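The values are calculated or read from the model by the stated rules, or taken from the named source; none is laboratory data. Just so we're clear, the structure is a prediction, and the values are computed from it rather than from any experiment. Cβ sites come from the backbone with ideal geometry, for glycine too, and all protein chains shown count toward neighbours. For the accessible areas, the whole protein counts, side chains as well, though only heavy atoms, and no ligand, DNA or RNA atoms are used. Shrake-Rupley method; radii C 1.70, N 1.55, O 1.52, S 1.80 Å.
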Number of protein chains: 2
Amino acid sequence: MTASGYAGARLPGRPRSAAADAAIIEAALRLIEEGATIGELSIERIAREAGVGKATVYRRWSGKEALMIDVMRSLEEPNPRPAGASVRDDLVTLLELMRRRGLAKRNSALLRTVVTQMHANQELWRAYDAHVIAARREMLYEVLRRGMARGEIRGDLDLELLADLFTGPMLSRVILHEWKALPEGLAETIVDTVLEGVRPRP
Amino acid sequence: MTASGYAGARLPGRPRSAAADAAIIEAALRLIEEGATIGELSIERIAREAGVGKATVYRRWSGKEALMIDVMRSLEEPNPRPAGASVRDDLVTLLELMRRRGLAKRNSALLRTVVTQMHANQELWRAYDAHVIAARREMLYEVLRRGMARGEIRGDLDLELLADLFTGPMLSRVILHEWKALPEGLAETIVDTVLEGVRPRP
């Protein structure tokens, strides 16, 4: 899966249309901030707000779904590239991003609104999952596979379960138990503790 | 915290009113099954459906909130009593219950409806959390504290984090990733793996 069709707002090297893209995303965010729901928003209204023609929007995005995914992305930190030096450090990088995303959602009413509304719209969420979350999941799986190949992680555990063991404790705080703290060092503690449990035994 | 005021439907030794209690809970479930939302339901309507007077309902429950908590409970397996023989087995008991509750929710449209509607009603959910979920959480904390006291679990980890390490992987499957399987043996695998990571090191 590639997310290229959805990454428009960040593609370098197209200065003129990049400015238009940014203006379009800004316009959508402004409308949402002013109280419009994603369901109500039309490409036409966003284009008008951005001061561009509908054709300019459609040149970059196939429709509202694709545009909204980039709107959400514009509010989030970009995915990191795990450096590959150690499985432990790569896992910390991925969990730390989850932690910071969780904090961002707690601190930004706008991000909160967009996430909640996208989540409520099944089709939109499925597209976001397929294009954004799936890429993160694949990154995690790669790190875990590398850990198994290198003998840093037991080889007898199901990959999906292994992923849940690392991400579950962070996810349950970020999404399910929003009253719980997300302190610095949380990613490190979770990774080090779980890693101790899943390393190969002599 | 005691849940006594909410446990009416299960209190033994009051045969005559116990039958009325069961009829009232059945009536509420029937109305929900027929499409009524919890928000719409009134004590009056439930009493009428059950063929009892409003006073009979109020004799047992302080109001709709308390009644709805027992309605939800009537659909769930009762809490287990961890036997206390080993921390490992107690943790398996608690996680296994989460797994079975997750399966029940996937298989029962009625339970699904009730959970979703209760969740959507902040006040109701808070009450359910305070009276039902909090009791389960406390049970888990007790098992973990016992594990630390007996030297089966490291003493330097925060209790809440420790709880998340065990329950997070199960919760993320049960609640967040409903497309993932909940196979038999999942509770055991999670407990054994995490326990290996949190046991004291020589």
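Observations, loosely collected:
- Gyration tensor (alpha-carbon) shape descriptor, the protein assembly as shown, a/c threshold 1.5: oblate
- Whichever lysines have a C-alpha closer than 16 Å to that of A:K54, once near sequence neighbours (fewer than 8 apart) are set aside: A:K64
- Partner lysines whose Cα lies under 22 Å from the Cα of B:K180, excluding those fewer than 8 positions away in the same chain, are identified as B:K105.
- In segment A:138-171, trypsin sites (Lys or Arg not before Pro) in a DSSP loop with at most 15 other beta-carbon atoms within 10 Å: A:R150
- In segment B:78-198 the Cα-Cα distances spread across 5 Å bins starting at 0 as 2, 10, 19, 23, 20, 13, 8, 4, 1 percent of all pairs.
- A versus B: buried accessible surface, summed, Å² (probe 1.4 Å, to nearest 100): 2200 Å²
- Over segment B:117-202, relative contact order from alpha-carbon pairs under 8 Å, at least 6 apart, %: 28 percent
- Relative to the dominant Cα principal axis of chain A, helix A:159-171 is inclined by about 70°.
- Degrees separating the helix B:109-120 axis from the principal Cα axis of chain B, which is the longest one: 80 degrees
- With Cα atoms, 0 to 90° folded angle of helix A:186-198 axis to chain A main axis: 40 degrees
- Over chain A, accessible surface divided per residue gives 48 Å², non-protein components excluded, 1.4 Å probe.
- Each Lys and Arg adds +1 at its Cβ and each Asp and Glu adds -1 at its Cβ; summed about the Cα centre, chain A shows a dipole of about 420 debye.
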